[in-house]
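Visitor: Can you read through this structure? Questions will come right after.
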Amino acid sequence: MSERTVLNPIQENLTRIRAEIAENTRLWGRDSKDIHLIAVSKTKPAEDIEYAIKAGQRDFGENRVQEALEKFVPLKRAYPDVRLHLIGPLQSNKVADAVAISDVIHSLDREKLALLLAAEMKKQGKQPKLFIQVNIGEEPQKAGITPIETPNFVVFCRKLDLPIVGLMCIPPHQEEPAPYFALLAKLAKENNLLELSMGMSEDFPKAIALGATYVRVGSAIFGART
Ligand SMILES: *Cc1c(COP(=O)(O)O)cnc(C)c1O
């Protein structure tokens, strides 16, 4: 039997997702350097993340600070160019760890958190980039600033000198996401923010069509979460 390189399923998935991103980037006349793929590795073991790293992936997303620390302190030591994106709700008592471990935080969703982040960034001399999370469907159970409050919140964060780069959203489950993506893009534009963190496994092609610059893809790369 002839030898051939057997790819791990994670690496095959990454290749497929990258091709889909490239195809949609072309289709919608976007510039490929503006679109970043975050591989969302929450609940998955470090071993799975290493398969993705070996396939060239560098941006990873986690939603819990404790889990992020456990996996990414050693991973970042081994692979210093790996970037960690914190995409889940951030509790006040986890802010110091979040600033220490993250390169980007996508879930800035309240004034108190903005104040704590500003203080902690000053203390650590470290400035992870920040996305403001918008509760785009105005769902009571979801975190985020409402669309109507977003302009004032952006001003509040800018007065604190926080490195706000864009807006993030998770549209309502099982609804057509396109109008929500379009609304997030409009809000970002109105507030002079360049980056849009939107689109997951099910809907990232639509998010790219509507201006996403960071797509957060988990299960389509790492498989279903149990
Ligand atoms: C889990 C998660 C994702 C990835 O979801 P998939 O459907 O597995 O791609 C993206 N964004 C956030 C905020 C998440 O919590």
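Visitor: Report, ordered by the first and then the second residue, all pairs with beta carbons closer than 8 Å, sequence separation of six or more or different chains, a first member in segment 67-96 that is over 23 Å from T213 (Cβ atoms) and aliphatic (A, V, I, L, M), and a second member that is within 15 Å of the ligand (Cβ to nearest atom) and outside any loop (DSSP other than H, G, I, E, B).
Guide: Pairs that qualify, where the first residue is over 23 Å from T213 (Cβ atoms) and aliphatic (A, V, I, L, M) and the partner is within 15 Å of the ligand (Cβ to nearest atom) and outside any loop (DSSP other than H, G, I, E, B), are L75/I49.
Visitor: If a residue has to be crowded, with 21+ Cβ neighbours inside 10 Å and of a type in the set (S, T, N, Q) to count, how many in segment 41-94 make the cut?
Guide: 2
Visitor: May I ask you to say which residue of K142, K126 is away from the ligand (no atom under 16 Å from the Cβ) and either out of contact with any strand residue (DSSP E or B) (no Cβ under 7 Å at 6 or more places or on another chain) or more than 23 Å from E190 (Cα to Cα) (or both)?
Guide: The conditions single out K126.
Visitor: Okay, moving on. Exactly one condition in (1) farther than 29 Å from K33 by Cβ; (2) open to solvent by 30 Å² or more (accessible area, probe 1.4 Å) is false for R158; which is it?
Guide: (1)
Visitor: Next question, about the same structure. Which of the numbered conditions does R16 fail, given that it passes all the others? Conditions: (1) in contact with a strand residue (DSSP E or B) (Cβ under 7 Å, 6 or more places away or on another chain); (2) within 16 Å of the ligand (Cβ to nearest atom).
Guide: So the condition that R16 fails would be (1).
Visitor: Answer yes or no as to whether A19 is more than 23 Å from E62 (Cβ to Cβ), modelled with pLDDT of 95 or more and open to solvent by less than 80 Å² (accessible area, probe 1.4 Å).
Guide: Yes; evaluated as a whole, the condition is true for this residue.
Visitor: Something else: Only one of A119, A143 is outside any strand (DSSP E or B), aliphatic (A, V, I, L, M) and open to solvent by less than 40 Å² (accessible area, probe 1.4 Å). Can you tell me which?
Guide: Values: A119 fails: open to solvent by less than 40 Å² (accessible area, probe 1.4 Å).
Selected residue: A143, the only one of A119, A143 that is outside any strand (DSSP E or B), aliphatic (A, V, I, L, M) and open to solvent by less than 40 Å² (accessible area, probe 1.4 Å).
Visitor: Follow-up. So which helices (runs of 4 or more DSSP H) stay within segment 160-226 end to end and still have 3 or more residues that are within 10 Å of the ligand (Cβ to nearest atom) and in contact with a strand residue (DSSP E or B) (Cβ under 6 Å, 6 or more places away or on another chain)?
Guide: Values: elements: 178-190, 204-209, 219-222.
Passing ranges: none, list empty.
A quick yes/no check of all residues on (1) part of a helix (DSSP H, G or I); (2) in contact (Cβ under 8 Å) with a residue 60 or more places away in the chain; (3) not aromatic (F, W, Y):
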{"residue": "Q11", "(1), (2), (3)": "yes, no, yes"}
{"residue": "R18", "(1), (2), (3)": "yes, no, yes"}
{"residue": "T25", "(1), (2), (3)": "yes, yes, yes"}
{"residue": "G29", "(1), (2), (3)": "no, no, yes"}
{"residue": "K42", "(1), (2), (3)": "no, yes, yes"}
{"residue": "I53", "(1), (2), (3)": "yes, no, yes"}
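Visitor: Among K112, K126, which is open to solvent by 20 Å² or more (accessible area, probe 1.4 Å) and in a helix (DSSP H, G or I)? It would help to see each step written out before you state the result.
Guide: Values: K126 fails: in a helix (DSSP H, G or I).
Selected residue: K112, the only one of K112, K126 that is open to solvent by 20 Å² or more (accessible area, probe 1.4 Å) and in a helix (DSSP H, G or I).
Visitor: Something else now. Which condition breaks for K94 when tested against (1) of a type in the set (D, E, K, R); (2) in contact with a helix residue (DSSP H, G or I) (Cβ under 8 Å, 6 or more places away or on another chain); (3) in a loop (DSSP other than H, G, I, E, B)?
Guide: K94 satisfies all of (1) of a type in the set (D, E, K, R); (2) in contact with a helix residue (DSSP H, G or I) (Cβ under 8 Å, 6 or more places away or on another chain); (3) in a loop (DSSP other than H, G, I, E, B) except (3).
The values are calculated or read from the model by the stated rules, or taken from the named source; none is laboratory data. Bear in mind the structure is a predicted one, so any value in this text is a computation, not a measurement. Note that we place each Cβ from the backbone using ideal geometry, even for glycine, and neighbour counts take in every protein chain shown. Please note that ligands, DNA and RNA were not included when accessible areas were found on the heavy atoms of the full protein model with its side chains. Shrake-Rupley method; radii C 1.70, N 1.55, O 1.52, S 1.80 Å.
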